[in-house]
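Each reported figure results from applying straightforward, stated rules to the coordinates on display, with no laboratory input. Quantities reported herein were computed from a predicted structural model and do not represent experimental measurements. Neighbour counts are summed over all protein chains in view; Cβ atoms, including those assigned to glycine, are modelled from backbone coordinates with ideal geometry.
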Amino acid sequence: MKIKYRYLTDIPIETVQRCMQDSFADYQLDMSYMTVEVMKHRNAICRNDPECSVGAFEGDKMIGFLNVGIDQIDGELVAFDGGTGVVKEYRGQGVAGKMFAKSVDSLKEKNIQKYILEVLQENTKAIRAYEKEGFKVLRNLKCYDIAIKNYTGITTKIPNVQIKAISVNELESNWHFIKYPVSWEHMLSGLMEVEKEISIFGAFENENCIGFIVYTPFMCWLTAIGINPMYLEKNKLIDLLIGHLFENINPVKPKVSVNNLTEKDPLNDILKSLGFDNVVDQYEMIAEI
């Protein structure tokens with residue numbers, strides 16, 4: 001039976017979620033946590049656009065999917081691969097490439113000329129396929145996780161520093177604390193899409209915000225950490241923020257993750273010193289379309 005390709009404008013998310021679970025059944029990372037509700041959340045944080053997202057179908061069966069997000073970076077509209085999967089028995093037939101090509105048709109109609117994706121560095125087959133499509137490595141990204149019981153921070157109090165919940169608006173006012181550009185799912189615009197579903201804590205010294213931490217319960221992601229560059233005891237403040245967060249959450253997964261830190265970020269060494277494990281590395285790749 002011939003495989004047909006359709007945009008996801010009228011495809012129920014339940015259908016896409018089932019296809020994703022089938023596609024990732026043999027994936028390196030456990031994706032069983034990706035329920036329909038979690039996928040809805042991830043689609044929101046990725047700024048998913050069904051008009052540019054594509055499904056592959058054999059009859060009524062969905063055998064492949066490509067979720068595509070759209071947002072502005074430096075004033076330019078950019079597309080992002082929010083998830084691509086093909087059911088195992090249909091791989092090697094060019095399904096992913098055909099979904100990508102159909103997506104690009106729609107993106108070009110919206111005058112979008114750049115496309116970003118992330119891929120595990122160990123997935124050499126996928127990397128070669130992306131390179132054939134014109135993608136080039138933009139930067140290396142490092143991913144960490146930790147079971148709360150393995151956290152080795154001291155989490156001692158810092159004199160005159162208080163931690164309290166803050167709003168997305170307060171987060172936006174202090175977003176400049178983050179020195180290195182974050183990856184797609186950690187951008188402020190994505191967090192604003194799910195503001196009712198995230199936890200944000202700010203650290204204050206004499207009523208002045210000196211740092212913040214963002215947690216995404218659906219994904220068990222420690223999504224962002226920002227520290228005022230003028231604050232001298234950055235390591236202690238990061239320890240305090242993470243410790244406070246861990247005291248106030250009950251993750252639905254065994255571990256909490258910190259994903260896609262650029263390798264230049266000093267936070268890499270700080271996290272490792274606090275017991276986080278570098279579980280996988282990814283490439284962020286970009287192409288002109």
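Normalising the average separation of contacting C-alpha pairs (under 8 angstrom, six or more residues apart) by the number of residues puts the relative contact order of the range 3-112 at 29 percent. For the pair residue 170 and residue 33, a Förster radius of 25 Å applied to the C-beta separation gives a FRET efficiency near 0.25, rounded to the nearest 0.05. Only Lys, Arg, Asp and Glu carry charge here, each on its Cβ (+1 for the first two, -1 for the last two); on that basis the range 1-84 has a dipole of about 280 debye about its Cα centre. Pairwise inverse Cα distances across the chain, averaged and inverted, put the Kirkwood hydrodynamic radius at 20.1 Å. For the range 62-166, the relative contact order comes to 21 percent (Cα pairs under 8 Å, sequence separation of at least 6). Shape analysis of the range 216-289 based on the Cα gyration tensor places the equivalent ellipsoid semi-axes at 23, 19, 12 Å, largest first.
Sparsely packed loop sites in the range 51-121 (the trypsin sites (Lys or Arg not before Pro) outside DSSP H, G, I, E and B with at most 14 other Cβ atoms within 10 Å) comprise 110. Rounded to the nearest 20, the size of the Cβ-charge dipole of the chain about its Cα centre is 560 debye, with Lys and Arg at +1 and Asp and Glu at -1.
Between 167, 53, 103, the GNM of the chain built on Cα springs shorter than 10 angstrom shows 167 fluctuating the most.
For the range 194-289, GluC sites (Glu not before Pro) meeting the loop criterion (DSSP other than H, G, I, E, B) and having at most 10 other Cβ atoms within 10 Å: 207. Placing pseudo-labels 7 Å out from each Cα toward the beta carbon at residue 15 and residue 72 gives an inter-label distance of 3.4 nm.
What's the center-to-center distance, using Cα atoms, between the range 145-163 and the range 81-103 in Å? If we compute the Cα centre of each part, the gap is 43 Å.
Just 174, 208, 140 to compare: in a GNM of the chain, with alpha carbon springs under 10 Å, which one fluctuates most? Sorting by GNM fluctuation, first place goes to 208. With contacts taken as Cα pairs under 8 Å and at least 6 residues apart, the range 144-284 reaches a relative contact order of 35 percent. For chymotrypsin sites (Phe, Trp or Tyr not before Pro), no site in the range 121-175 is both called loop by DSSP and has at most 15 other Cβ atoms within 10 Å. The label point for residue 137 and the one for residue 40, both projected 7 Å from the Cα toward the Cβ, are 3.9 nm apart. Please report the spacing between the Cα centers of the range 167-216 and the range 219-289 in Å, no decimals. What the calculation gives is 13 Å, centre to centre. Classified by the C-alpha gyration tensor, the range 144-284 has a rounded form. Its axis ratio a/c, with a ≥ b ≥ c, is below 1.5. Taken along its principal axes, the alpha carbon cloud of the range 139-226 reaches lengths of 37, 33, 27 Å, longest axis first. With each label modelled as a point 7 angstrom along the Cα→C-beta vector, the residue 114-residue 51 pair spans 2.1 nm.
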